[in-house]
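Some notes on the structure that comes next.
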Amino acid sequence: MSDIIQLLPDSVANQIAAGEVIQRPASVIKELVENAVDAEARHINVIVVDAGRTSIQVIDDGKGMSETDARLAFERHATSKIRQADDLFHLQTMGFRGEALASIAAVAQVELRTRMADDDIGTQINITGSRVVGQEPVACPVGSSFTVSNLFFNVPARRKFLKSNSTELSNIISAFERIALVYPDIAFTLHSNGTEIFNLRAANLHQRICDICGKRLSQELLPLEVSTSMCKIHGFVGKPEAAKKKAQDFFFVNGRYMKHAYFHKAVANAYERLVPQGMLPPYFIYFDVDPNDIDVNIHPVKTEIKFENEQPIWQILSAAVKDAIGKFCEIPSIDFDVEGRPDIPPFSPDAPARQPQPQYNPEYNPFKRSSVQSDWQKLYEGAEKSIPTDLSPSEETLFPDGEVSLIAEKSPIHYQYKGRYIMTAVKSGLMIIDQHRADVRIRYERYLQLCETRKWTTQRLLFPELLQLDARQELTFQQISDELQAMGFQFSDLGQQSHSILGVPAGIDTPQPAEMVREMIAGAEAEGRVASNIQQRLALSLARQMAIPYGQVLGNDEMEELVNQLFGCSNVNYSPDGKAVLCILPQTEIEQLMG
């Protein structure tokens, strides 16, 4: 029987490794920038064209490589980071496997220009699909310059499944931020299609965080620092009022970004009862742990890290975050709302005491029948003509297609339950309406109609409001700015990812227009940026912002108007995001409950 097991060619083996290490353009940038950091570079420049599809260039002023090292660097498992197996448990560098450059060269066209400080001339190497096509001496500055062109040119299936340029650029920014946040003492720049996205000067950690995530974070961060024999933890956590549904959360261990759901829960528990459910302030937390106590070699992308003392570190982290919040007196204070309250005069011991004078109506008699007659029935005269008469008992309130029909014999008197639900009697039982979702549905259809007809008008702000964005928000803002302006917003570009809000859509009464725009940007970023759906997403985001909040007390007239507007919508059963707006408790079930 002939032998069937054989060694794979290097080109095939490198492509298999590339499938794990190089998944998208952001992976290339991560590997190359980490190598630049390990080379002790002080300035690192990243330049991408077409979100990395066409070319990626990473330039650094690090130590550079000799002619021999430059050639050997593209071989599999060729590395300067480790020498023996035990070194895996004492890692002090970002890279260590020696797979990155070989994997990149297997699926792209790579040009390397590098020179060491002691050399008079550098080396240029050109590699295509793992094959060296050229090597020659070249004049170049000290350091290394990698140019990666036509990524996945020989793996068309993988290139086909790359996301849109905006999505891939967002992934690039994420990878770039994760490295830049670890090394504030290194200057970084990032350019996309000739546009500067980041220009980060060397600074302290607090300044680096603000440079990346926006200047508005400057006053919202609390320092965090604790040192124990097991680990050291430092960084910053956000104030409770900075909480958002999609917070900027970063964990780093020994200078390496990581994802850790267990530690994330420790931070979330520290903010319990301080922020609304489902929201969390931003945090930037750095762990210094003995390399022997962690394993970073459990996943190819090295973002999943296993800790030997996970539970004790969880407790240390939770206590440190709580201490940071309490130490700086950032527990939200009680807000005494005195608007509309009686003006209580200060106590004066010399002032004579006055007996309260109660006011009452001597003619009032609770047993006397009121002469006022309710005429609400006139509002529904002729309504019975529009109600189908051939419905089964289970269909008295619902048409077969699921749309709620006109509610027969609806009571004009409503009851609000716990500031959340509107309850009203109908012919078939008790109807319960979620007031917030109902208002979202009403406003969504109204705003969407205005978007489609382009009938928005602008209300100028008396005092323009400053809108400061981070790099990712700025990219999304540029993509949706035309739609925002069509909705009635007016902006003035101030440069450096800052804008002045000059006007908002007429009828939108909000005290925080900048925060509203940020929420709309976040919604567009989270749900995608498909042009055909952008109006719907913006209308939904605006409706959520302006809808009646839970806890707001409504009068009977307000509830009546809300119910009537709801039943004028095209879909009254569900909110635009698919959540139930109302339900009906049948009369038969009520009678069964009462026995």
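A short reminder: the numbers here are calculations on the coordinates, not readings from a lab. Predicted model only: the values in this text are computed from it and were never measured. No Cβ is skipped: glycine too gets one built from the backbone with ideal geometry, and neighbour counts run over all protein chains shown.
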Query - Violating pairs (Cα-Cα greater than 18 angstrom) within the set 30/259; 246/306; 30/245 - result: 246/306; 30/245
Query raised in the report: Want the number for residue 161 to residue 309: 0.36 nm per residue separation, take away the alpha-carbon distance, what's left?
Result: 49.3 nm
Requested in this report: At 0.36 nm per residue, minus the direct Cα-Cα distance, what do residue 486 and residue 556 gain on full extension? Give it in nm, one decimal, please.
Outcome: 21.6 nm
Query - Distance (nanometres) between label positions extended 7 Å along Cα→Cβ at residue 225 and residue 446 - result: 5.2
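So for each of 113-124, 207-218 I average, over its residues, the number of other beta carbons within 10 Å; can you give me the resulting order with the highest mean first?
Order by mean packing, descending: 207-218, 113-124.
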Report task. Show me 175-187, 306-318 ranked by packing, highest mean number of other Cβ atoms within 10 Å first. Result -> 175-187, 306-318
Requested in this report: Determine, from the Cβ-Cβ distance of residue 119 and residue 327 and an R0 of 60 Å, the FRET efficiency 1/(1 + (r/R0)^6), rounded to the nearest 0.05.
Outcome: 0.70
Query raised in the report: About its Cα centre, what dipole magnitude does region 185-301 give when the only charges are +1 on Lys and Arg Cβ and -1 on Asp and Glu Cβ, stated in debye to the nearest 20?
Result: 480
Query raised in the report: Residues in region 46-71 near a label at residue 153, defined as backbone nitrogen under 16 Å from the 7 Å Cα→Cβ point?
Result: 49-50, 52-57
Report task. For region 212-327, just say rounded, prolate or oblate: build the C-alpha gyration tensor, square-root its eigenvalues into a ≥ b ≥ c, call rounded for a/c under 1.5, and beyond that prolate if a/b exceeds b/c, oblate if not. Result -> prolate
Query raised in the report: So how much slack lies between residue 458 and residue 515, counting 0.36 nm per residue of separation and subtracting their Cα-Cα distance, in nm?
Result: 18.7 nm
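Which FRET efficiency value, to the nearest 0.05, do you get for residue 277 and residue 139 by plugging their Cβ-Cβ distance into 1/(1 + (r/R0)^6) with R0 = 45 Å?
Taking R0 as 45 Å, the efficiency between residue 277 and residue 139 is 0.15.
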